[in-house]
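The structure appears below as structure tokens.
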Amino acid sequence: MAASPPNRKRRLAAAEAEAEPELSPPDALGALPVEVLDNILGRLHIYDVVRTSALSRAWRRRWESLPTVDLTRSPGVAASDVDAVLLRRSAPVRAFRLAARDPSWFVDALHDWLLYLSRSGVQALYLWFPTPSFRLHSCLFSCRELTSLDLEGCRLPPAPSGFEGFQNLKKLHLTKVSLPEHGGKALAALFAGSPLLEDVELMNALLVGDGADEWVIRAPNLRKLIMVAPFPYAGRVEDLPRLEEGILCGPNYAKFLTGMAHVTKLEFVCSFMRSTEVDVVEQLPFLFEKLRSLVISVNFCRMSHILFMFCLLRSAPVLEELDVLGQGDDAQDIDANDEFLNAQSTNDMFAKLHVVRMKKVACLCNEMHFMEFVLNKARVLRVLSVYPSSGSTCSNEQTIITEHPRVSPDAQVIFMNRESANNGYMHTSSVNYELETIRSGTWLDVEHPRKIHRLDLDAVDQQKQLEKVLLQTQKEGKKRNEEAQARHEDTKRRLKFCVAANEYFTSALKSPYCLLEMQYLSEKSNIPIPPFPDSSSVSSSSQPILPFVALTKCKKILG
């Protein structure tokens, strides 16, 4: 039975609706994996993220379900707009990042946001404040799903009674954070309540009332520990069986080495070494049997620094890389000559040492003795890199070290430029800044910090060398191209000249006077005159005989 007109219209409309997506352009951005798309949108200003709702119907509510709300890249955003973003959410906030630049946020707004995040099951939280005066709300401890907590420039409230810790926390970074009274115990309780903790950074963290309490860090799953501060901590560390990397920068921090028996990378920086710290390292009941890389600051003018360094070297039988940061250039209180250094060494010292980097070298006598000692003892040494400090003149010392005999046949001594002598080794800018502050012995202006670049010096030098080779190769290639172009142009000029000369002589030989002279010479020399070839015969012939060639031969025969 024939369909009625209304049914026909509905079928036509349905067919057009089905064909419409095929005619519309594909959504290339929407075709990306969800993780990649979320990463892209998370790097935009929050206003731009909301504006994506105008792209298409599929994008209309896309921003409401993003797992991350990152306001660190959104300067000028109003607190009311942040409220609107959080209230319009259609999915829980998994990560929240905020740089609190507006002081008006510091009370009600931030407390409300933190309360909202604690109820939505936030997993990663980063909060930055310009001054360490703002005190966070206690609802922070209600964020039970946290896996990453990064705080900078604030005060932590006391933990509420019954707080059992962050059971899922793996990363804890506290920078310029003040913990409440009995802060050492509060920090130890935070460690104890986070059994999955793997990465900890304490950068200038202030523990209020720390000296009156005894506290212990227990973290069986900890893999990385960074402690940087210009003041001592009263606590200690129990055995950390899974620790791989440790960075200790501060006074009286040698006691924390007692829990780092399994560390593979260690950096120890201290401007004021106490004799008790030397005793701690000498009395360690273990060897660092996994330690492959050691970075240590040494004041070669002080006996305690030199003894501390040798205590660590004797305890590291499998050490492969050694970085020594020089400190100070004042008067030496001891002459660390060959006799003194040999008394500190053992038979297995430097057994696997491959690379030694001496940084900020002032070319003191004790520094020179130590470099010669390394060349005499390191049997598998490959490179000894020396980075003079700014203002030091080491021309004579450079000659002495480079010509000094070495026990390793593969050892090379390289003196680097002075610009790279101040570079460090850490991977994060915050760690570099704090370490530079401690190393220099002065606390820098935190409001206007100077720009510090830290690079892996060997990688930089290798990159510079490769860039030089590449530049030289490019110059040589450009020169060869120019020479080839010049030869090509010269060949074109020669061919053009030959064609012009051929045309000139051919036209000249066709003149009546030249024909009579050629006939006279031909009869006298018995050489026949070849006919004048046309253009087609000339192009087809491999070796055309021109009339003026015959004329030249006749003149040579007749003298």
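What are the residues in region 115-129 that are open to solvent by 20 Å² or more (accessible area, probe 1.4 Å), outside any helix (DSSP H, G or I) and within 24 Å of ARG101 (Cβ to Cβ), if any?
Within region 115-129, ALA124, TYR126, TRP128 qualify.
For region 234-246, what are the residues that are modelled with pLDDT of 90 or more and in a loop (DSSP other than H, G, I, E, B)?
Correct list: GLU238, ASP239, LEU240, PRO241, ARG242, LEU243, GLU244.
Could you list, in sequence order, the residues of region 322-341 that are open to solvent by less than 70 Å² (accessible area, probe 1.4 Å), not aliphatic (A, V, I, L, M) and not in a loop (DSSP other than H, G, I, E, B)?
Hits for region 322-341 are ASP323, GLY326, PHE340.
This table checks each residue for (1) more than 30 Å from VAL200 (Cα to Cα); (2) open to solvent by 90 Å² or more (accessible area, probe 1.4 Å); (3) assigned to a helix (DSSP H, G or I); (4) modelled with pLDDT under 50.
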site: HIS404; (1), (2), (3), (4): yes, no, no, no
site: GLU434; (1), (2), (3), (4): no, no, yes, yes
site: THR437; (1), (2), (3), (4): no, no, yes, yes
site: TRP443; (1), (2), (3), (4): no, yes, no, yes
site: VAL469; (1), (2), (3), (4): yes, no, yes, no
site: GLY477; (1), (2), (3), (4): yes, no, yes, no
site: ASN481; (1), (2), (3), (4): yes, yes, yes, no
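State the number of residues belonging to region 247-273 that are part of a helix (DSSP H, G or I) and polar (S, T, N, Q).
Summing the residues that are part of a helix (DSSP H, G or I) and polar (S, T, N, Q) in region 247-273 gives 1.
Could you tell me whether any residue of region 287-299 is farther than 24 Å from LEU384 by Cα, in a helix (DSSP H, G or I), touching a residue at least 24 places away in the same chain (Cβ under 8 Å) and open to solvent by 20 Å² or more (accessible area, probe 1.4 Å)?
no
What number of residues within region 45-72 satisfy the criterion of being at pLDDT below 85 and in a loop (DSSP other than H, G, I, E, B)?
Going through region 45-72 one residue at a time, the tally reaches 7.
Is one or more of the residues making up region 354-367 at pLDDT 90 or above, assigned to a loop (DSSP other than H, G, I, E, B) and assigned by the TED database to the domain that holds LYS290?
Yes, region 354-367 contains at least one residue that is at pLDDT 90 or above, assigned to a loop (DSSP other than H, G, I, E, B) and assigned by the TED database to the domain that holds LYS290.
Could you say whether any residue in region 132-147 is open to solvent by 70 Å² or more (accessible area, probe 1.4 Å) and at positive phi?
No, because not a single residue in region 132-147 is open to solvent by 70 Å² or more (accessible area, probe 1.4 Å) and at positive phi.
Pick out the one residue from LEU151, LEU156 that is open to solvent by 10 Å² or more (accessible area, probe 1.4 Å) and of a type outside the set (D, E, K, R).
LEU156
So for region 372-395 (the condition being open to solvent by 80 Å² or more (accessible area, probe 1.4 Å) and touching a strand residue (DSSP E or B) at 6+ places or on another chain (Cβ under 9 Å)), does at least one residue qualify?
Scanning region 372-395 turns up at least one residue that is open to solvent by 80 Å² or more (accessible area, probe 1.4 Å) and touching a strand residue (DSSP E or B) at 6+ places or on another chain (Cβ under 9 Å).
Identify all residues within region 205-232 that are touching a residue at least 40 places away in the same chain (Cβ under 8 Å) and within 13 Å of ALA188 (Cα to Cα); write none if there are none.
Result: ILE217, single match.
For region 264-282: of the residues being over 20 Å from PHE370 (Cβ atoms) and modelled with pLDDT under 90, which is least open to solvent (accessible area, probe 1.4 Å)?
In this case the residue turns out to be VAL280.
The values are calculated or read from the model by the stated rules, or taken from the named source; none is laboratory data. Only a predicted model underlies this, so the values are computations on that prediction, with no experimental measurement involved. Glycine gets a Cβ as well: all are built from the backbone with ideal geometry, and neighbour counts include every protein chain shown. For accessibility, only protein heavy atoms count, side chains too; no ligands or nucleic acids. Shrake-Rupley method; radii C 1.70, N 1.55, O 1.52, S 1.80 Å.
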